[in-house]
Each structure stands twice: as C-alpha cells, then as structure tokens.
Amino acid sequence: MKISFLGAARTVTGSKYLLEVAGKRLLIDCGLFQGRKELRLRNWRPPPIDASNLDAVILTHAHLDHSGYLPVLARSHYRGPVYCTGGTKDLCGILLPDSGYLMERDAEYANRKGFSKHHPALPLYTQREAEQSLRSLRVLEFDTELPLGDDLTVTLKPVGHILGAACVTIRHGKEKIVFSGDLGRPNTATMVDPVKIPEADYLVVESTYGDRLHSKANPEDELEKVINETVSRGGSVIIPSFAVGRAQTLLYHIHRLKQTDRIAGDLPVFLDSPMAINASEIFCKHHKIHKLSDKEARAACGVAHYVRHWEESKALDSSQMPMILISASGMATGGRILHHLKHFAPDRRNTILFAGFQAEGTRGDRIVRGETEVKIYGQMVPIRAEVQRLEMLSAHADQSEIMDWLGGFQSPPKQTFVTHGEEDASLTLAQKIREDLAWEAEVPKLGEARHLS
Ligand SMILES: [Zn+2]
C-alpha cells in the first residue's frame, strides 16, 4: 500500500489522495484548490496523476474542494467509475455545472475588462464539461462493501457534515485504511452524528478546526434574539448563507422558532438563491440520510418562499416590510446577496447575519471585522446595519469533537496522517493526538508519499 498526498496537505482545499494497493490505483476525492491565488494556480498544472491509469475514484462528499476537479480528470481521459453516495451524486449534479458556469463567466468578464494576462482568458472547465463528467458517478450507498477485485473493497459510512458525506474505508485482505472525509458534528439539529469506526491500520483525518473549539451556544436562542430585535426596530434580517447545508439548517431553525411562537408566525422568509432552492429539494428527497422525517424536512423548507427569478429577487429590495432574507454566497463574494447588501446594509434598522466561516480577505470577513464601508459592484457601500454572526452552525467537528471521534477506534492505527487544515491547525491536532492518545501522528506535506506496507 502506498499513499500520495496530492492536495489538502497543510492546507484546507484540493483534497486528493492517491492510494496504490493490490496493483490498483484509487483516487480518494478529486477536489479543487480554492482561496489564495498560489493555491488556485495549482488547478491549472498538469494533473498530478496519469488519469488514464486510474482504476477508480471515490468521493467523500460533494463540496467542490472534494469533487470540483472531476471535470479536469474527465477531460484528461479518465473513463472509470466515480463512486459516491446518492446524496453526493445529486449535490454534484448541481454544484459541478454551477462551478463550470461561474468559471466561464469569470473568464468572459476577464476578457471583457482585459485584466487577465492570458489572451483569451479561459475557464478551467466549462459547464458542459462539468455536465459530461457527471456521467461517471456511480452510487455506492452507505454501509455496503463494494468489491474492487483482488480482495480489495470500499465501504462508505455517514459522517454528518453535509448531505451524503461519508468516511471511506478501503480494505485489502486484513489491512484497512480509513479516510475521515470532512467530519461533521454530533448532536446537530439536521445532520446525522458521525459514525465511529472501530479499526484502521492507517488513518487520514481532517483538521479544519484542529486547533479550535466551537461556541456551545444554542443557535435557536441566538436566532430568536437577532430576529426579534431587528423586527422590533422595523428592520430586516439579511443572511448571507452557503447554499448547500447551511441554508437548509437555517430554514429548519426558523421553522422551529415560528412553530413555537418564539418569532412572529407571519414574518416573511425568502430563500433567494436558485442553488439553495435546488439543494433544499435534494435535502427533502434524501430524508433517510439526515435527522428529519420527510414531513419535517418539507415543513422546514416550506417556511420560506422560494425566489427563483432575478426580477423577483430585485423586487425584494423595494419591500418596506421586515423580513428574513437568506441568499448566497455565504461569504458575500458573489451572487444575489450582493445587491441585497447594497440595498439593506446602509440602514441601521437592518441586521446582516453571517451564518458561517468567513475566509480572510473576503467581503464577509471585512464586514465582520467592522469595516464601515465595502465595495460592491464598483461602488463603496456604507455598512450601518447591525452585524452579527452565528458561529455555532459550523458543519465541521472542532478539536474536541475530532478527538471524540478518534476515541471510537479500539486500537491505535499504526500511523495517522493529519490533513485538510491550515498548517497550524493540522500541527496542533497531530500533537494533541500524540500527547492525549499516544498514537503515531504526522502532518504530510503536499506531494509527499508514504509506503504503508
Ligand atoms: Zn466539506
């Protein structure tokens, strides 16, 4: 067995691990590098693997930093299967084409404005290429051991996080390697608890929050307070939200607050993001793999009026009535939330409520850090609205929750590789694993490989 760390090593994005075992070459996750330019440029390098030699790809979940490189792999003549859960397949069906669409739009914009040094600027892949790559997706349901030949099998187990997210066990003979994928959190309102895995010879574990703990505050208490205070001064609550996962969790909490009369039952709620609407429908379809029943999921999503058309979205800006408006993107880097911020942010009565992680340098991050004006569509917009955060809604386990999940292993893996975190987070978690559990743990660097047996 040999593992190569082709992404998400000492950084959070670009998850890709090549496993060579029993004469086969398996790629676990096929993610895009995102964020800083030097990382994004990695997506443009020749693929780090000979795609035509790969036997199978296995996806842990649909987030683009785990799936968004698939269209490049397909273009590089990969024709084999891509195994993932049904939830992941459906979410990839909306995320990958959207990713291609945005890349085409960005390239077109760069060409129009002439600011790219490439002439013409090209997308990494097109919407059409993304759609074509979806044909390789094959559903492997949770808890089903799939034989890959030569006493080699793969099994997916639920880890919460987002719909369909899995950890991957690859077994060859008696030897097992486990990839945690992105670990969700126990006791959330909507997602299932991460399943504990009893044994692994080798383990690859994520560390996004390897050096931090989440707030223990109850999200419904915080939401209730923010909504009622804003409405009492005649304002609206504007929520920039990730479309997949976070938007559905918010709808569920808002539905519960209405159901228990903690906020006004007739307060209008709008979900203004075609992607979030599609993700909500997929959420309702797959009610067996999250905590809500079919009825509860439909009631939660039904709390919002779906805004599909652009004209309807623009019309919300002229509404005088207090409302809750959920729109993407979650870090206010693009999407319909921008024209809403431009309209609602200058008014003190309103609240801008951030519902997730804000990467450094994004518009969301600047607003959260208290900047009094930000640029939107080339214009400086004053931020006079109240700014609040709901930090407890993270979809990732924090340090103590990761340690708790690791406690499920009945004996120490021979080696644990800590990945998918900024360098400090990964190093801190590796040290904690060595100190508290007395396991062997290391933090591989990008491009490194290890012979395991
Ligand atoms: Zn993820």
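The values are calculated or read from the model by the stated rules, or taken from the named source; none is laboratory data. The structure displayed is predicted, hence computed values, not measured ones. When we count neighbours, we look across all protein chains shown, and the Cβ atoms used for this are built from the backbone with ideal geometry, even at glycine. Accessible surface areas use protein heavy atoms only, side chains included; no ligands, DNA or RNA. Shrake-Rupley method; radii C 1.70, N 1.55, O 1.52, S 1.80 Å.
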Item to check | Spread of Cα-to-Cα distances over 5 Å intervals beginning at zero, given as percent, for segment 111-222 | outcome: 2, 9, 13, 15, 13, 12, 10, 10, 8, 6, 2, 0
Item to check | Heavy atoms of Phe115: accessible area, 1.4 Å probe, square angstrom to 10 | outcome: 130
Checklist outcome for this item: Projected onto the charge dipole of the chain (unit charges on the beta-carbon of Lys, Arg, Asp and Glu, signs +1, +1, -1, -1), the Cα from Leu325, Leu183, Pro198 with the largest positive-side position is that of Leu325
Checklist entry - Taking Cα atoms, how many degrees apart are the long axis of helix 274-285 and the longest axis of the chain, rounded to 10 and kept between 0 and 90? => result 60
Item to check | Spin-label pair Glu448/Glu422, simplified geometry with 7 Å Cα→Cβ offset, distance in nm | outcome: 2.0
Checklist entry - Given a 1.4 Å probe, how much area per residue of the chain is accessible, in Å²? => result 43
Item to check | Accessible-area order (highest first, 1.4 angstrom probe) of the listed residues Met1, Met323 | outcome: Met1, Met323
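Which whole-number percent gives the relative contact order of the chain, counting Cα pairs below 8 Å spaced six or more residues apart? Walk me through the intermediate numbers first.
Numbers: 1014 pairs, mean separation 83.1, N = 453.
Once normalised by length, the contact order is 18 percent.
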Checklist outcome for this item: Taking the dipole of segment 79-179 about the Cα centre (Lys, Arg +1; Asp, Glu -1; charges at Cβ), the one of Val82, Thr144, Gly100 that reaches farthest to the positive side is Gly100
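Over 25 Å between Cα atoms: which of Lys89/Lys342; Lys216/Lys258; Lys157/Lys414; Lys216/Lys342; Lys113/Lys342 fall into that group?
On the way: Lys89/Lys342 35 Å; Lys216/Lys258 23 Å; Lys157/Lys414 21 Å; Lys216/Lys342 32 Å; Lys113/Lys342 23 Å.
As for pairs spanning more than 25 Å Cα to Cα, those are Lys89/Lys342; Lys216/Lys342.
Rounded, prolate or oblate, given the Cα gyration tensor of segment 233-315, with a/c below 1.5 counting as rounded? Don't jump to the answer; show the numbers that get you there.
Values: a/c = 2.06, a/b = 1.17, b/c = 1.76.
Verdict is oblate for segment 233-315.
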Checklist entry - Once amide H atoms are placed 1.01 Å from N in the peptide plane, what residues at a sequence separation of 5 or more from His305, or on another chain, have their amide H within under 5 Å of its amide H? => result Val269, Phe270, Leu271
Checklist entry - Ignoring ligands, DNA and RNA, what percent of the 1.4 Å accessible area of segment 102-205 is carbon and sulfur? => result 50
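If you place +1 on the Cβ of every Lys and Arg, -1 on the Cβ of every Asp and Glu, and leave all else neutral, what size is the dipole of the chain about its Cα centre, to the nearest 20 Debye?
Numbers: 56 positive and 57 negative charges, 208 e Å.
With Lys and Arg at +1 and Asp and Glu at -1, about 1000 debye.
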Item to check | Segment Arg308-Val195, length gained on full extension (0.36 nm per residue, minus Cα span) | outcome: 37.1 nm
Checklist entry - If one computes the Cα centroid of segment 362-388 and of segment 299-361, what distance in Å separates the two points? => result 14
Next on the checklist: Report the rotationally averaged projected area of the chain based on its alpha-carbon convex hull, in square nanometres.
Outcome noted: 20.8
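If R0 is 56 Å, what FRET efficiency do you get for Arg384 and Glu281 from their C-beta distance, rounded to 0.05? Don't skip to the end; give the middle numbers.
Working: r = 36 Å, r/R0 = 0.64.
Using R0 = 56 Å, I get an efficiency of 0.95.
Could you compute Rg(Cα) / (2.2 N^0.38 Å) for segment 167-257, with N its residue count? Working shown, then result.
Details: Rg = 18.8 Å, N = 91, 2.2 N^0.38 = 12.2 Å.
Here the answer is 1.54, to two decimals.
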Item to check | Sequence of Tyr101, Tyr78 from largest to smallest accessible area, 1.4 Å probe | outcome: Tyr101, Tyr78
Checklist entry - What spacing in nm lies between the two simple spin-label points modelled at Met392 and Ser319, each 7 Å away from Cα in the Cβ direction? => result 2.7
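Nearest 5 percent is fine: what portion of the DSSP beta bridges confined to the chain is antiparallel?
Working: 31 of 66 bridges.
Counting only bridges with both partners in the chain, antiparallel ones make up about 45 percent.
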Checklist entry - In the full protein assembly as shown, how much of Arg138 is accessible to a 1.4 Å probe, in Å² to the nearest 10? => result 110
Checklist outcome for this item: Rounded to the nearest 10 Å², the accessible area of Trp44 using a 1.4 Å probe with every protein chain kept is 140
Checklist entry - Which value, in debye to the nearest 20, gives the size of the charge dipole of segment 201-250 about its Cα centre, when Lys and Arg are +1 and Asp and Glu are -1 at the Cβ? => result 240
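Using a 1.4 Å probe on the protein heavy atoms, what percent of the accessible area of segment 231-320 belongs to carbon and sulfur? Could you put the intermediate results ahead of the total?
Numbers: 2130 of 4010 Å².
Solvent-exposed carbon and sulfur of segment 231-320 make up 53 percent of the total.
For segment 339-453, with all protein chains present and a 1.4 Å probe, just round the carbon and sulfur fraction of the accessible area to a whole percent.
Details: 2320 of 5410 Å².
Roughly 43 percent, rounded to a whole number.
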